[in-house]
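Asks: Take a look at this one; I'll ask things after.
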């Protein structure tokens, strides 16, 4: 790697720019999300899972299946989303499938799950699900079976 490729456009080493940026983001209240990128809410046929969203160490939202047999390969998913924190926001289950984002589940009552159902738009038994809250925190999962 050339010396130039390790520099920013202003001749400073890239690390000298990244470190202050990281400090600025942390000072602004950055969130640590704890979920493995490959974790899925249906990890295969008959394999149900749960996705969780954390902010500053606190559970703020969760999504899981209504019943384990929903991961059966028929392009229909029955899920439920939980608003886990009393902070004035709602929790959302949003799906990205066939090039479209759609909100399927919404829970605005702290401690209560809200049931919803979703049908795969293009029939490939795969989508991205985003667990999110009103104030911008979100966690994406690959969903498929």
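Readers should treat all values here as calculations from the given coordinates under stated rules, not as data from a laboratory. A quick note: this is a predicted structure, and the numbers were derived from the prediction, not measured. Quick reminder, even Gly has a Cβ in these numbers, built from the backbone with ideal geometry, and neighbours come from all protein chains shown.
Asks: Could you tell me the calculated FRET efficiency between residue 47 and residue 86, based on Cβ-Cβ distance and R0 = 35 angstrom, to the nearest 0.05?
Replies: Once rounded, the FRET efficiency stands at 0.60.
Asks: What ranking do 109-118, 47-56 get when scored by the average of other Cβ atoms within 10 Å per residue, highest first?
Replies: Going from most to least packed, we get 47-56, 109-118.
Asks: Which distance in Å, rounded to a whole number, links the C-alpha centroids of region 51-83 and region 106-145?
Replies: 7 Å
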